[in-house]
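K.L.:
What follows is a single structure, and I will ask about it in a moment.
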Amino acid sequence: MTVSDGGPYVNGGTESSILSLDDGDIHMCQDGPRDAPALLLIHGSASSTRSWDPLVPLLTGSHRVIRIDLLGHGRSAKPADRSYTIPDQARRAGVALDRIGVEHAVVVGHSSGGVVATALAEQRPDLVAALALVNTGPSLDAFIAPESAAIGPSQWPLTDEQIRRFASTGFSRAGYRIPDELLDEVRVMTYHTLTTTMQATRSYLEQRALPDRLTVLGKPLLVIFGEDDRRWRSSSAADYRAVPGAKVELLPGLGHSPLLEDPPRTAGLLLAFTAVHAVRVD
């Protein structure tokens with residue numbers, strides 16, 4: 001494995017490394033047995049590998065759990081002169097799996113991470129065995145416009161209050177205590193990477209809705225959606241039923257981030273799905 005920081009390091013059972021790609025360094029985390037079926041977790045906008053922290057211990061008993069920081073996020077590079085389009089983000093995820101010798105993986109994406117997961121399946125159908133999308137809006141018609149005004153470059157960097165307001169709709173209730181480490185992930189982004197990556201998701205959905213893309217792929221699909229999502233209409237999860245064989249699970253009492261709001265419930269659905277569709281390592 002090619003790394004730029006001298007090699008992987010282990011922190012609390014997590015192996016963390018920096019992969020040197022042609023267009024920017026990518027941070028990767030690995031947990032669980034290396035000979036277990038691979039599960040790739042892709043975070044959403046303005047987030048990072050850390051958004052999966054509560055879920056990972058519930059998955060490692062039966063999976064090799066792999067997480068990456070998409071370019072522009074977390075500990076990955078944040079260049080101003082590289083592409084942040086969804087296809088390019090997906091390509092980097094595929095290269096990251098190639099670097100560590102993963103030939104097949106179930107790919108799980110949260111929010112816009114599900115858009116990247118879909119693009120990866122389009123590019124690398126040989127690599128993606130199945131897909132699970134967590135609160136990923138199927139089209140722009142499902143988007144709930146924020147009540148607050150758009151963030152301008154003159155406001156950057158954001159204050160703590162602005163960051164909390166920005167992140168608050170990621171959860172089911174306004175009083176939810178957002179973990180400080182997730183707010184830190186917004187702080188480490190640049191204005192360019194924040195706005196460019198969010199626009200990339202919009203552009204990709206404008207081109208074609210996800211159910212249309214997924215129908216063509218024919219991959220096993222699980223859709224998990226918190227019913228109280230404040231960013232995407234949860235009723236839109238029904239749009240995924242157009243994909244043959246898709247399984248759609250609505251979670252009452254949870255919002256945009258069930259992986260953080262109720263990790264055991266989310267993990268239970270994922271494990272039931274991967275038990276059927278994960279590819280065993282020879």
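K.L.:
Take region 121-153 and flag every residue that is within 18 Å of Pro87 (Cα to Cα), outside any loop (DSSP other than H, G, I, E, B) and among the charged types (D, E, K, R).
P.N.:
Glu122, the sole residue that qualifies.
K.L.:
For region 246-265, does any single residue satisfy the condition of being among the polar types (S, T, N, Q), out of contact with any helix residue (DSSP H, G or I) (no Cβ under 8 Å at 6 or more places or on another chain) and either in contact (Cβ under 8 Å) with a residue 40 or more places away in the chain or at positive phi (or both)?
P.N.:
no
K.L.:
Kindly indicate which of Leu41, Leu70 is out of contact with any Asp or Glu (no Cβ under 7 Å at 6 or more places or on another chain), part of a loop (DSSP other than H, G, I, E, B), on the phi < 0 side of the Ramachandran plot and surrounded by 24 or more Cβ atoms within 10 Å (Cβ to Cβ).
P.N.:
On the way: Leu41 fails: part of a loop (DSSP other than H, G, I, E, B).
It is Leu70.
K.L.:
Among the candidates Ala117, Ala130, Ala121, Ala105, which residue alone is modelled with pLDDT of 85 or more, in contact with a Gly (Cβ under 6 Å, 6 or more places away or on another chain) and within 20 Å of His277 (Cβ to Cβ)?
P.N.:
One residue alone meets the criteria, Ala117.
K.L.:
Across region 225-256, what is the total count of residues that are buried (at least 21 other Cβ atoms within 10 Å of the Cβ) and part of a strand (DSSP E or B)?
P.N.:
Summing the residues that are buried (at least 21 other Cβ atoms within 10 Å of the Cβ) and part of a strand (DSSP E or B) in region 225-256 gives 4.
K.L.:
Of the residues that make up region 191-203, is at least one hydroxyl-bearing (Ser, Thr, Tyr) and either in contact with a strand residue (DSSP E or B) (Cβ under 9 Å, 6 or more places away or on another chain) or not in a helix (DSSP H, G or I) (or both)?
P.N.:
No, region 191-203 contains no residue that is hydroxyl-bearing (Ser, Thr, Tyr) and either in contact with a strand residue (DSSP E or B) (Cβ under 9 Å, 6 or more places away or on another chain) or not in a helix (DSSP H, G or I) (or both).
K.L.:
Restricting the search to region 73-93, which residues are surrounded by fewer than 21 Cβ atoms within 10 Å (Cβ to Cβ) and closer than 24 Å to Pro37 by Cα?
P.N.:
Arg91
K.L.:
If you don't mind, there's one more thing I want to ask. Of everything in region 121-159 that's of a type in the set (D, E, K, R) and touching a residue at least 60 places away in the same chain (Cβ under 8 Å), which residue is surrounded by the fewest Cβ atoms within 10 Å (Cβ to Cβ)?
P.N.:
Here the answer is Asp141.
K.L.:
Quick one: Gly113 ticks every box in (1) touching a His at 6+ places or on another chain (Cβ under 6 Å); (2) part of a loop (DSSP other than H, G, I, E, B) except a single one, so which number is it?
P.N.:
Unmet for Gly113, out of (1) touching a His at 6+ places or on another chain (Cβ under 6 Å); (2) part of a loop (DSSP other than H, G, I, E, B): (2).
K.L.:
Let me ask something else. Based on what the data block shows, is Phe171 surrounded by 20 or more Cβ atoms within 10 Å (Cβ to Cβ), closer than 22 Å to Leu70 by Cα and modelled with pLDDT under 95?
P.N.:
yes
K.L.:
Here is a follow-up. Among the listed residues Leu55, Leu41, Leu71, identify the single one that is in contact (Cβ under 8 Å) with a residue 40 or more places away in the chain and more than 22 Å from Ala272 (Cα to Cα).
P.N.:
Leu71
K.L.:
Further question: Is region 217-224 home to any residue that is touching an Asp or Glu at 6+ places or on another chain (Cβ under 9 Å), more than 23 Å from Ala105 (Cα to Cα) and either surrounded by fewer than 22 Cβ atoms within 10 Å (Cβ to Cβ) or among the polar types (S, T, N, Q) (or both)?
P.N.:
No, region 217-224 contains no residue that is touching an Asp or Glu at 6+ places or on another chain (Cβ under 9 Å), more than 23 Å from Ala105 (Cα to Cα) and either surrounded by fewer than 22 Cβ atoms within 10 Å (Cβ to Cβ) or among the polar types (S, T, N, Q) (or both).
K.L.:
Hey, among Arg202, Arg187, Arg208, which residue is under 17 Å from the mean Cα position of the chain (by Cα), surrounded by fewer than 16 Cβ atoms within 10 Å (Cβ to Cβ) and either among the basic types (Lys, Arg) or modelled with pLDDT of 95 or more (or both)? First the steps, then the outcome.
P.N.:
Numbers: Arg187 fails: under 17 Å from the mean Cα position of the chain (by Cα); Arg208 fails: under 17 Å from the mean Cα position of the chain (by Cα).
Just a single option satisfies the conditions, and that option is Arg202.
The values are calculated or read from the model by the stated rules, or taken from the named source; none is laboratory data. Keep in mind the model is a prediction, meaning the values are calculated, not measured. Here the Cβ is made from the backbone with ideal geometry for all residues, glycine too, and neighbour counts use every protein chain on show.
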